[in-house]
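These notes are about the structure you will find just below.
The values are calculated or read from the model by the stated rules, or taken from the named source; none is laboratory data. If you're wondering where the values come from, they're calculated on a predicted model, not measured in any experiment. Here Cβ is always computed from backbone atoms with ideal geometry, including for glycine, and neighbour counts include all displayed protein chains. With ligands, DNA and RNA removed, areas are computed over all heavy atoms of the protein, side chains included. Shrake-Rupley method; radii C 1.70, N 1.55, O 1.52, S 1.80 Å.
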Amino acid sequence: MVVSLRLPSLSSLLSPASPFTFSRRALGISWRQQRPFRLPLLAPGLSVRSSSTGTEIHVDNSKNRVPEGAITPRSQDFNAWYLDIIANAELADYGPVRGTMVIRPYGYAIWEAIQEYLNVKFKETGHENMYFPQFIPYSFIEKEASHVEGFSPELALVTIGGGKELEEKLVVRPTSETIVNHMFTQWIHSHRDLPLMINQWANVTRWEMRTKPFVRTLEFLWQEGHTAHASPEEAEKEAIQMIDIYTKFAYEQAAIPVIAGRKSKVETFAGADKTYTIEAMMGDRKALQAGTSHNLGQNFSRAFGTQFTDENGQRQHVWQTSWAISTRFVGGIIMTHGDDGGLMLPPRLAPIQVVIVPIWKKEGVKAEVLNAAASVEVNLRTAGIKVKLDDSEQRTPGWKFNFWEMKGVPLRIEIGPKDVANQSVVISRRDIPGKQGKVFGISMEPSILEAYVKDTLDEIQSSLLEQAKTFRDSNVVDVSSYNELKEAISQGKWARGPWSASDKDELKVKEETGATIRCFPFEQPQGPKTCLMTGNAAEEVAIFAKSY
């Protein structure tokens, strides 16, 4: 079947530009699509002394020369740096439809690590995976008024199928609350059918006008959970439970110290009673909404007639939740931990935790070096460590060092002839540059090496989290007046202060400063509070920040 898309209000996207390139002006991005794969490597003609062999390695310019400035310094242009990292670390590339991206194997492997952890947690808490169709009747979207209002500008619509005009236009899935409720209505009849708790791993289409790889694209991957309950208390408990799972994931797996809290009414998901969020501070101090959990109340169940017979024989509408994390989190990892050398991946999510680089100069020692490296690889893999042996001969050791640093591999093991003779290895940490992060003479004996590698990976995981916490806390300012809020935002910081003002006042802050309420944190200071905007009593502090 041939399906064509007719998309609303998209004239700016249908310019005469080539369909195989992005118009940066139209989309508000600056990903340098013409830039080839490049790495900032050793200077031309430079010789280095191998830490493991003591021999001099001359860099072959024919293999290693690259244009200067291939990776934009983070401090110079954060957005250009981010896009350079995505290209050079081979995380993603452009799709032929502007605003889309192709997630490359290394980028997808990070997403798979996220999936692997969350899948276990979802199932431990009683959820089951399933799948809903990508095409949703437009009439479903129209049933919940605030939902259609919130999503209408982002919808992609199918109007022709099989060469014929469709009787009803179809929406390409922007989210699944509507089609889920349509099916829940057929599956739920009695209180015995509750709770019903499902999750799906799927793609989503939202026609964004300004895109940024991983952070905001026309199509992205996510998981979306949907649950139905017999009481509002059960639904609220579920919504809180899921944001807690996301928070734990962010801290313990991604080493990102998110702030969990409740969204303001203005920022609440279209169709929800409450939205809970985890907010992460990126390296440029902008906020990233990294995951959300919504208490939908009875809004969708009333719109779709999703009812059950309770224990007293009375018909009631179910109470519902929905919650999601997407490939946006990959972008969050890049922007939280990366440096001018490239990615810096937390070990628990790294597709490769250890890379082994064998080093030899004379052909006569090549076999014994490679054999030793292969033995170390087998021993570490057997111990459950994600390891790669880079024994390719097309590139020099110096090139390999830079390449794997760019890809954020937490540990590098170097093995040369002297190491083989001493039955030891040299280990370098990605998170500590230069000689400070290099340790010599670690025994090759499997139990010793395995213990050292595992302990060091744990140290890196903890160190990345602590560094991110320190950065976050040093860039959050407590404010008590609107002028102080404006000053903090103008300095690129987050502002935290008491808030009980109106939705109109909240929109005024956004208009005048570009900042929004990211959340009312779950962790609140004690004592009386005075609203920074109105001077009236306030029960909570809110966090304001500019965001992605």
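Of the peptides 241-253, 171-183, how do they stack up when ordered by the mean number of other Cβ atoms within 10 Å, highest first?
Top of the packing list down: 171-183, 241-253.
In this structure the amide hydrogen of LYS529, modeled in the peptide plane, comes within under 5 Å of the amide hydrogens of ALA538, none closer than 5 places in sequence on its chain. Between THR125 and GLU165, the FRET efficiency from the beta-carbon distance, with R0 = 41 Å, is close to 0.35.
Judged by the mean number of other Cβ atoms found within 10 Å, the most tightly packed of the peptides 162-170, 460-468, 355-363 leads the ranking 355-363, 460-468, 162-170.
The alpha-carbon of LYS248 sits under 20 angstrom from the alpha-carbons of these aspartates and glutamates, leaving out residues fewer than 8 places away in its chain: GLU112, GLU116, GLU124, GLU224, GLU236, GLU238, GLU279, ASP458, GLU459, GLU466, ASP473, GLU523.
Descending by average beta-carbon neighbour count within 10 Å, the peptides 268-275, 103-110 line up as 268-275, 103-110, the highest first. Tell me which of ILE160, THR185, MET242 sits at the most positive position along the dipole axis of segment 157-250, charges placed on C-beta atoms (Lys, Arg +1; Asp, Glu -1). Checking the options against the dipole of segment 157-250, the answer is ILE160. Going by accessible surface with a 1.4 Å probe and the largest first, ARG395, ARG192 read ARG192, ARG395. Amide H contacts for THR217 (H built 1.01 Å from N in the peptide plane; partners 5 or more residues away or on another chain; cut-off under 5 Å): LYS212.
For segment 90-96, the Karplus equation 6.51 cos²θ - 1.76 cosθ + 1.60, evaluated at θ = phi - 60°, returns couplings of 6, 8, 7, 9, 6, x, x Hz by residue, with Gly and Pro reported as x. Computed from label points 7 Å out along Cα-Cβ, the spacing between ALA109 and GLN314 is 5.7 nm.
The heavy atoms of LYS123 offer some 120 square angstrom of accessible surface to a 1.4 angstrom probe. Rounded to the nearest Hz, the phi-derived 3J(HN,Hα) couplings of segment 219-226 under the Karplus curve 6.51 cos²θ - 1.76 cosθ + 1.60 (θ = phi - 60°) are 10, 9, 9, 7, 10, 10, x, 9, where x marks glycine and proline. Quick one: helix 78-88 against the long Cα principal axis of the chain, what's the angle to the nearest 10°, folded into 0 to 90? So the inclination is approximately 60 degrees.
Can you pull the semi-axes for segment 347-461, root of five times each eigenvalue of the Cα gyration tensor, sorted largest first, whole Å? If you can, show how the numbers build up before the last one.
Working: eigenvalues 82, 52, 34 Å².
For segment 347-461, the semi-axes come out at 20, 16, 13 Å.
Of LYS263/LYS510; LYS366/LYS388; LYS504/LYS546; LYS400/LYS454; LYS469/LYS493; LYS265/LYS469, which pairs sit farther than 21 Å apart, going by alpha carbon to alpha carbon? Table pairs above 21 Å Cα-Cα are LYS400/LYS454; LYS265/LYS469. Residues ASP458, ASP284, sorted by accessible area with the largest first, give ASP458, ASP284 [1.4 Å probe; ligands and nucleic acids excluded]. Under 20 Å from a label point 7 Å along Cα→Cβ of SER375: give me every residue in segment 436-461 with its amide N that close. Only 440-454 fall inside the zone, counting backbone N under 20 Å. A Förster radius of 45 Å, combined with the Cβ-Cβ distance separating GLU368 from ASP93, puts the computed FRET efficiency at roughly 0.70.
Directionally averaged projected area (the chain, Cα convex hull): 30.0 nm². Rolling a 1.4 Å probe over the protein chains gives SER75 an accessible area of about 120 Å².
At q = 0.11, 0.14, 0.16 Å⁻¹, what log₁₀ I(q)/I(0) does a Debye calculation on the Cα points of segment 78-337 give, no solvent, two decimals? Log-scaled intensity ratios, in q order: -0.63, -1.00, -1.28. In summary, the convex hull built on the alpha carbon positions of segment 220-356 has an orientation-averaged projected area of 10.5 nm². Of all aspartates and glutamates in the structure, those lying under 15 Å Cα to Cα from LYS361, and not within fewer than 8 positions of it along the same chain, are GLU56, ASP60, ASP391, GLU393, GLU414, ASP419. For segment 387-402, the Karplus equation 6.51 cos²θ - 1.76 cosθ + 1.60, evaluated at θ = phi - 60°, returns couplings of 10, 10, 9, 9, 9, 5, 10, 7, 10, 7, x, x, 4, 5, 4, 5 Hz by residue, with Gly and Pro reported as x. Computed over the Cα atoms of segment 175-267, pair by distinct pair, the Kirkwood hydrodynamic radius stands at 15.9 angstrom. Here the dipole of the chain is about 1560 debye; that uses its Cα centre as origin and unit charges on the Cβ of Lys and Arg (positive) and Asp and Glu (negative). Counting only aspartates and glutamates at least 8 places from LYS143 when in the same chain, those with an alpha carbon closer than 16 Å to its own are GLU168, GLU177.
Cα-based radius of gyration for segment 476-545, normalised by 2.2 N^0.38 Å, reads 0.98. Near ALA156, the amide H atoms lying under 5 Å from its own belong to VAL172, TRP207; only residues 5 or more places off or on other chains count, and H is placed 1.01 Å from N. Sorting PHE440, PHE132 by accessible area puts them as PHE440, PHE132; the probe is 1.4 Å, largest comes first, and only protein heavy atoms count.
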